[in-house]
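Visitor: The structure that follows is given in the form of structure tokens.
Read-outs throughout are calculated quantities, based only on the coordinates presented, and are distinct from any laboratory measurement. Predicted model only: the values in this text are computed from it and were never measured. We place every Cβ from the backbone using ideal geometry, glycine too, and count neighbours over all the protein chains shown.
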Amino acid sequence: MAFSNRKGTPDQSTGRKLIVRKKKMEITANIILGDCRTELPKLRGNSVDLILTSPPYADSRKNTYGGVHPDKYVEWFLPITGELRRILKPSGTFVLNIKEKVINGERHTYVLELIKEMRNQGWLWTEEFIWHKRNCHPGKWPNRFRDAWERLLQFNKERSFNMYQESVMIPVGDWASSRLKNLSDTDKKRDNARNGSGFGKNVSHWLNREKVYPTNVIHMATECSNKDHSAVFPQKLPEWFIKLFTKEGDLVLDPFMGSGTTLVVAQRLKRNSMGIDILPEYCEKVKKAINLSELQLIKIG
């Protein structure tokens, strides 16, 4: 929301005029038509707060992005992650949505190989989030069940990075009212695990809490309304990570922009954004979506 300066009002104690100034926050969305392999080197180093993307999976999206063979995937993607590491701020985070492909009845190892090679590049593999798809497609296979989850891999340049955990806290749940009603003596102190792992819990710490921190499993349905792209984020997914790793005015980048969900959500949350895509029709659609989002912000505000 943009604010203009207001005229001051007299200070009753001193007679001086008080000036209240609120700086105008201009939120930008930069859409770049081109191949991220050639466009990323043009961006300034240490300039992005959050990189959130879902690149073409191996041998996927052939009609739109050509597809990359699983055996060549790591070789293809490593130059991109090298550039992403260069442009990410030391305090920033890179979240990569990716999933292994099944070939001849078994999972290919290109994701695991990519993680290992990215660590050799200097990345820290900080966390792995699981996106549980509540509405996964029904089906039957002779040697496996339905695919109901995808990886969201978190990488960082430094061990200390920006993370706003309070922004994604969730309600404690109905279980607390019965579980915490009558606490035993053990519940009121740290109870170490019997297996000697070093882990322990103090159940009394849950008392009088309305919200708690979430787990690293994210339960969200897939996007069903957008038919113009072969792989679409549900808006709540980038929203969760944008809230967790950025604040208003920060810069969010999606180097495989696609339908532009990340940019639209960033705009709504008052973050600056940048997207790169090789297809002009997607860039035009995202421009229209950003304009609509901007109009909605003005109307709501």
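Visitor: With label points built 7 Å along Cα→Cβ from the Cα atoms of HIS219 and ILE170, find their separation and express it in nm.
Guide: So the label points at HIS219 and ILE170 sit 0.6 nm apart.
Visitor: How would you order 247-257, 136-146 from highest to lowest mean count of nearby Cβ atoms within 10 Å? Could you put the intermediate results ahead of the total?
Guide: Details: 247-257: 20.8, 136-146: 9.2.
Listed from highest to lowest mean packing, they are 247-257, 136-146.
Visitor: For THR28 and VAL102, what does the FRET efficiency come to when R0 = 41 Å and r is the distance between their Cβ atoms, rounded to the nearest 0.05? Present the calculation step by step, with values, prior to reporting the outcome.
Guide: Numbers: r = 41 Å, r/R0 = 0.99.
Efficiency for this residue pair is about 0.50.
Visitor: Okay, moving on. Kindly put VAL68, VAL172 in sequence by how many other C-beta atoms sit within 10 Å of each C-beta, fewest to most. Mind showing how you got there, number by number?
Guide: Details: VAL68 21, VAL172 15.
Result, fewest neighbours first: VAL172, VAL68.
Visitor: I'd like the Karplus ³J(HN,Hα) series for region 126-134: coefficients 6.51, -1.76, 1.60, θ = phi - 60°, whole numbers in Hz, and an x wherever there's a Gly or Pro.
Guide: 6, 7, 10, 9, 10, 8, 7, 8, 5
Visitor: List the pairs from LYS101/LYS247; LYS42/LYS157; LYS140/LYS236 whose alpha-carbon separation is above 32 Å, in the order I gave them.
Guide: Numbers: LYS101/LYS247 35 Å; LYS42/LYS157 20 Å; LYS140/LYS236 29 Å.
Result: LYS101/LYS247 exceed 32 Å.
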